[in-house]
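Notes to accompany the following structure.
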Amino acid sequence: MSEPVKGSVRGSGPVTESARELDQSASAAAYRPLPAADDDGGAGRFWSRRRVPAALLALVVTAGAGLLLFDVASVRAERPGMGWRRSLAGELASRPVDDTWVLAGAGAAVAVGVWLVVLAVTPGLRNLLPMRRRAGDADVRAGLDRDAAELVLRDRAMEVSGVQSVRVRVRRSRVAVRAVSHFRELDEVRSDLDTVLGEGIRELGLVRRPALSVQVRRPAKKG
């Protein structure tokens, strides 16, 4: 009886010596999204209300507008303007455009503006995965937290014979699984994980089914 190979990589190319030294089995052939169902899957991501950035921006704008309004009213009442405004106007009039402080202030203003634009045009709530809508439930939207999805898939993976421990990372485009097997052939464990986790991803009912990447290795040698 020949000795079983400790690790292999399934793919279009040959198995290299470095892959054997890693003592792991990677399922590259399963790294593609599963086909979507025929039900309504047009629901997009959830949009964050972004209350904190909106509140901070409103507070800054309100405070700045209040100070300027008070200063203008003081000048109209024939009173001297605020010292900070006269000092700021003098600095802006005397400092050249390529001054370090002017460039730093302009860079900070651009950075804040870009940040606000990004917040305005991106959905946010990246930890909430949108789920498919069923027929007749057009007014109902459901989402699944990533931590909950990871927990469900981790429990499914631990049910596979030979799996000692497993780590699952769920992203919008893929699910990365790293498992440790203390007995059975690594290719057999990996194949079972492909099947079980592929079915588990389908049962999550997500709008965009992520691709599946599975790697299995032996436990690290002690000493």
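Among the residues of segment 143-151, is there at least one that is touching a helix residue (DSSP H, G or I) at 6+ places or on another chain (Cβ under 7 Å), at pLDDT 90 or above and either under 30 Å from residue 199 (Cα atoms) or loosely packed, with under 15 Cβ neighbours inside 10 Å (or both)?
Narrowing segment 143-151 to residues touching a helix residue (DSSP H, G or I) at 6+ places or on another chain (Cβ under 7 Å): 144, 149.
If we keep only those that are at pLDDT 90 or above too, we end up with 149.
Imposing the further condition that a residue be either under 30 Å from residue 199 (Cα atoms) or loosely packed, with under 15 Cβ neighbours inside 10 Å (or both) reduces the set to 149.
Yes, segment 143-151 has at least one match.
Okay, residues lined up against (1) of a type in the set (D, E, K, R); (2) at pLDDT below 75; (3) not in a strand (DSSP E or B):
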residue: 12; (1), (2), (3): no, yes, yes
residue: 33; (1), (2), (3): no, yes, yes
residue: 38; (1), (2), (3): yes, yes, yes
residue: 70; (1), (2), (3): no, no, yes
residue: 88; (1), (2), (3): no, no, yes
residue: 92; (1), (2), (3): no, no, yes
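Would you check if there is a residue in segment 199-214 being of a type in the set (Lys, Arg) and assigned to a strand (DSSP E or B)? Lay out the reasoning, then the answer.
Of segment 199-214, the ones of a type in the set (Lys, Arg) are 202, 208-209.
Now restrict to residues that are assigned to a strand (DSSP E or B): none.
No, because not a single residue in segment 199-214 is of a type in the set (Lys, Arg) and assigned to a strand (DSSP E or B).
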- Search segment 206-223 for residues that are modelled with pLDDT of 90 or more and pair each with any residue that is of a type in the set (A, V, I, L, M) and part of a loop (DSSP other than H, G, I, E, B) when their beta-carbon atoms are under 7 Å apart and the residues are at least 6 apart or on different chains. 212/30; 214/30
- Might you check whether a residue that is open to solvent by 30 Å² or more (accessible area, probe 1.4 Å) and either free of Cβ contacts under 8 Å to residues at least 12 places away in the same chain or at positive phi (or both) occurs anywhere in segment 161-179? no
- Go through the residues of segment 44-51 one by one and say whether even a single one is part of a helix (DSSP H, G or I) and either in the same structural domain as residue 171 (by the TED database) or under 21 Å from residue 117 (Cα atoms) (or both). yes
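The values are calculated or read from the model by the stated rules, or taken from the named source; none is laboratory data. Since the structure is predicted, the reported quantities are computational estimates derived from the model, not experimental observations. Cβ coordinates were reconstructed from backbone atoms using ideal geometry, including for glycine residues, and neighbour counts include every protein chain displayed. Quick note on the areas: whole protein, heavy atoms, side chains included, nothing else; ligands and nucleic acids left out. Shrake-Rupley method; radii C 1.70, N 1.55, O 1.52, S 1.80 Å.
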